[in-house]
Amino acid sequence: MLEEIRCPADVRHLDTKQMRVLAREIRKFLVRTVSKTGGHLASNLGVVELTLALCKCFRFPEDDIVWDVGHQSYVYKLLTGRRSGFDRLREIDAMSGFPCRTESPYDAFGTGHASTGIAAANGIATAKKLSGDESMTMAVIGDGALTGGLALEGINNLSGSKNRLVIILNDNEMSIDENVGATSFALSRLRVARPYLRLKENISDRLEHVPRVGDEIMRGLRRAKNSVKQLLVPGMNMENLGLRYYGPIDGHDLKQLTAVFQRIRHINRPVMIHVKTVKGMGYRPAFEAPAKFHGIGPFHPETGKTDGKPADEATFTDAFADAVTDLAIRHEEVVGITAAMLSSTGLDRMQASVPDRVFDVGIAEEYAVTFAAGMATRGLRPVVAVYSTFLQRAYDQILHDVCLQNLPVIFAVDRAGIVGKDGATHQGLFDLSFLNAMPNMTVLCPVDGADLRAALNYAYTWGGPVAIRYPRGTVPSNLPPAPYRRGVSVMRATGRDGTLCAVGAAVHTALAVREELLAQGGPEIGVMDARFVKPLDTAMLDELRGPVFVLEEGILRGGYGESIRAYMAARRPEVPVETFGVEDQFVHHGTPEDLRARLGLDMVGIIRRIRQSPNIGAAGNARATTDASCEDTGERKVK
């Protein structure tokens, strides 16, 4: 049946029995394809019936739908003519894992970060109203995303609105980890309020058949309704916020879903439909471990098991988790803060050791940063663990609440640099540039796991804000250790023909480039480990042998390379500076290897540019490698 579905119109003629068959086929298809490509599985298995019901009752793309976050849009992509794209899901130049306006006319709004859906959908609905367009607009938002301030601001702005807007609250009690906070608690109480809703319906049905007296009693009951409802449905009265509320309803009951959607098609005011779904529905491994299958690499569909990394192969996140836990055990003023990503950032390990000093604030990065700032004023040392892409959401709070007051808040910036298959909304390419512009901010970029631990210990001793930036992926072998001294870089290898200054884990790439150039006959390039992006090691820059090449995984504008170029132009204008990084563009999805190759940030691209550089000179390129004849190229001394 799935092969016959080419657009949502093909779903409209199906009856409930046929839709149930199609739902089973969709789940099998998702498990089979995502097991090969990796992707977001558990959340998509949970919205199969919901998406089918939407496609049956509404007319896409005439009606518009915004998928908040967007990782749960696979079923929608499947039903809107993109089935063939799943073979190369999230690969370079192939189909995105998130809604994308340039990919399909069915994608009304591009998403990737949480809590944007209500604001975007209301903007679309307002534009329609102004133009006389009477089509519907929908936002599908998870209960996790509803904890974000932007979502609550969106609801606040619906008061008094006459827009034809439907908010579908996809309530699965999770974002990545379990939800926290008052919003989550209030929703949990709404879930148990169904006896009230059934009682109201039963009383209404019976009183309608009592002449005269029944009408009078009903009017009295309506006057008392709000008081009764506040008693039995405490916490979140959406109708007081300007929304007509329906639910909660079973998000896997196709008959009930289609009945409700058909009922609200002609309502001319904002409506919220509270739908209860289960992550991983229909596939036992994902049902039992929804956090694991939130975003997963290739796996064995029969068992749900991944090949995984070897037991002794740690990631940068693992290294941070161990280091921050040890730091917290040694120093009772150290606290950890995360925005709904406890396990993803590694703070779950710290929580296991010091549970009273780890705080999950929900999807609320702005709150997390200002919360940390408040703690820092009272002598605590907060460590805010956050992905680079989500740190952007708290720019004003970092600048105004932390840096302006020079407060000792540590930012553990995970997933910095090229992340890969989640695409433009998740690449960690902007943090260096915006942190570099903030007075009082110190920016550290460790090269390996031991160096990350040393950076964290240094950050604890420093009396102001510090950001420690590290990438996704496996920790490379440790380089020779060096103590952290403020604003001091490390020369990892010297060279006669120039210097390659590298940031963080890119130092390993720089060292490999150096060795390959030597193996090819030169030039001989030194390698400087930046360590401190801010402040610059001006003493070392004053002594560097030029030309200077700068390698960083970040946007070039405002980055480390521009800082070095500006310094050299002022102090050593005779020394040319060339930068390797990301030009003024967004980087879309693909494997990190494919993306680095396209951007010229892999070994091949770096070597090509260095060899072609007019600043190297003929001597450097043509020199026979005398060091190679002495067989000491692998034993260069580290300054």
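The values are calculated or read from the model by the stated rules, or taken from the named source; none is laboratory data. Quick caveat: nothing in here was measured; it's all calculated off a predicted structure. Cβ atoms come from the backbone with ideal geometry, glycine included; neighbour counts cover every protein chain shown. Ligands, DNA and RNA are excluded from the accessible area calculation, which covers all protein heavy atoms including side chains. Shrake-Rupley method; radii C 1.70, N 1.55, O 1.52, S 1.80 Å.
At a glance:
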{"item": "Every residue from the range 58-94 that is among the charged types (D, E, K, R) and closer than 22 Å to residue 262 by Cα", "result": "59, 62, 63, 64"}
{"item": "Qualifying residue in the range 176-192 (condition: modelled with pLDDT of 75 or more and either of a type in the set (A, V, I, L, M, F, W, C) or in a strand (DSSP E or B) (or both))", "result": "no"}
{"item": "Residue list for the range 1-44, restricted to those being part of a helix (DSSP H, G or I), among the basic types (Lys, Arg) and touching a residue at least 60 places away in the same chain (Cβ under 8 Å)", "result": "20, 24, 27, 32, 36"}
{"item": "Scope the range 520-568; condition touching a strand residue (DSSP E or B) at 6+ places or on another chain (Cβ under 8 Å), open to solvent by 10 Å² or more (accessible area, probe 1.4 Å) and either in a helix (DSSP H, G or I) or more than 29 Å from residue 585 (Cα to Cα) (or both); matching residues", "result": "540, 545, 562, 563, 565"}
{"item": "Any hit, the range 319-334, residues being hydrophobic (A, V, I, L, M, F, W, C), in contact with a Pro (Cβ under 9 Å, 6 or more places away or on another chain), in a strand (DSSP E or B) and buried (at least 24 other Cβ atoms within 10 Å of the Cβ)", "result": "no"}
{"item": "Number of positions in the range 125-142 that are surrounded by fewer than 24 Cβ atoms within 10 Å (Cβ to Cβ) and either without any contact (Cβ under 8 Å) to a residue 12 or more places away in the chain or touching a helix residue (DSSP H, G or I) at 6+ places or on another chain (Cβ under 9 Å) (or both)", "result": "7"}
{"item": "Qualifying strands (runs of 3 or more DSSP E) (wholly inside the range 388-505; at least 3 residues being within 30 Å of residue 518 (Cα to Cα), open to solvent by 10 Å² or more (accessible area, probe 1.4 Å) and modelled with pLDDT under 95)", "result": "none"}
{"item": "Residues of the range 580-639 that turn out to be part of a loop (DSSP other than H, G, I, E, B), among the aliphatic types (A, V, I, L, M) and modelled with pLDDT of 95 or more, as a count", "result": "2"}
{"item": "Selected residue (only one of 260, 228 is outside any loop (DSSP other than H, G, I, E, B) and modelled with pLDDT under 90)", "result": "228"}
{"item": "Boolean, residue 150 is open to solvent by 50 Å² or more (accessible area, probe 1.4 Å), in a helix (DSSP H, G or I) and of a type outside the set (S, T, N, Q)", "result": "yes"}
{"item": "Enumeration of residues in the range 372-387 that are assigned to a strand (DSSP E or B), open to solvent by 10 Å² or more (accessible area, probe 1.4 Å) and closer than 19 Å to residue 149 by Cα", "result": "386, 387"}
{"item": "Pairs, first more than 22 Å from residue 129 (Cα to Cα) in the range 45-64, second assigned to a strand (DSSP E or B), C-beta under 8 Å, six or more apart", "result": "46/170; 47/140; 47/170; 50/140; 50/168; 50/170; 50/275"}
{"item": "Residues of the range 56-92 classified as open to solvent by less than 20 Å² (accessible area, probe 1.4 Å), in a loop (DSSP other than H, G, I, E, B) and more than 27 Å from residue 595 (Cα to Cα), total", "result": "4"}
{"item": "Residue within the range 307-320 that is over 26 Å from residue 113 (Cα atoms), in contact with a strand residue (DSSP E or B) (Cβ under 6 Å, 6 or more places away or on another chain) and at pLDDT 95 or above present", "result": "no"}
